[in-house]
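Quick notes on the structure that follows.
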Amino acid sequence: VQLQASGGGLVQAGGSLRLSCRASRGTSSNNGMGWFRQAPGKEREFVAAVSWNGGSKYYADNVQGRFTISREYAKATVYLQMNSLKPEDTAVYYCAVSRSSYPGRGTATYAYWGQGTLVTVSS
């Protein structure tokens, strides 16, 4: 299973970015997917996740109301729309495939990881 993330870049505070992550063939369409991020010197943290059918979505408190996760089932792709970006959102963002249909918030509950895409928010 391979995950290809894209869409990162440099944006000013208050701006928006949309991240995409496409899973290669072989990924179970019955698995949840999620986004995590890791800032320099910090641990990887949960950002958002979506269930296998897109019906359930989960967000970290610090992105709730600003970020929206969605998935396009037919394309095995998950998106993260990020609005009202803040400098503290600066990090490498990783997509991941959950071990179950309804994803958790811990990194150990994910089986496959993408390579990461850098998001930099300037003040």
Which FRET efficiency, nearest 0.05, do Ala108 and Asn30 yield, Cβ-Cβ r, R0 22 Å?
-> 0.70
Using amide H atoms built 1.01 Å from N in the peptide plane, name the residues 5+ places from Thr90, or on other chains, whose amide H lies under 5 Å from its own.
-> Val121
How about region 25-123: which GluC sites (Glu not before Pro) there lie in a loop by DSSP and see at most 16 other Cβ atoms within 10 Å?
-> Glu43
Stretch gain in nm, segment Gln12-Ser84, where the contour uses 0.36 nm per residue and the Cα spacing is subtracted = 25.0 nm
Whole-Hz ³J(HN,Hα) from phi, Karplus 6.51 cos²θ - 1.76 cosθ + 1.60, for region 93-100, glycine and proline x = 9, 10, 9, 8, 9, 6, 7, 9
Directionally averaged projected area (convex hull, Cα atoms, region 1-43), nm² | 4.4 nm²
Burial ranking of peptide ranges 106-116, 29-39 (average Cβ count within 10 Å, highest at the top) = 29-39, 106-116
Taking the chain and dividing mean pair separation by its residue count, relative contact order in percent (alpha carbons under 8 Å, at least six apart) = 36 percent
Run the accessible area of region 27-115 with a 1.4 Å probe and give the carbon-and-sulfur part as a rounded percent.
-> 48 percent
Shape of the chain from its Cα gyration tensor (a ≥ b ≥ c, root eigenvalues): rounded if a/c is under 1.5, otherwise prolate when a/b > b/c, or oblate?
-> prolate
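The values are calculated or read from the model by the stated rules, or taken from the named source; none is laboratory data. Keep in mind that this is a model prediction, so the values were computed, not measured. Every residue, glycine as well, gets a Cβ built from its backbone with ideal geometry; the counts of neighbours run over all protein chains shown. These area figures cover heavy atoms from the full protein model, side chains too; ligands, DNA and RNA do not enter into them. Shrake-Rupley method; radii C 1.70, N 1.55, O 1.52, S 1.80 Å.
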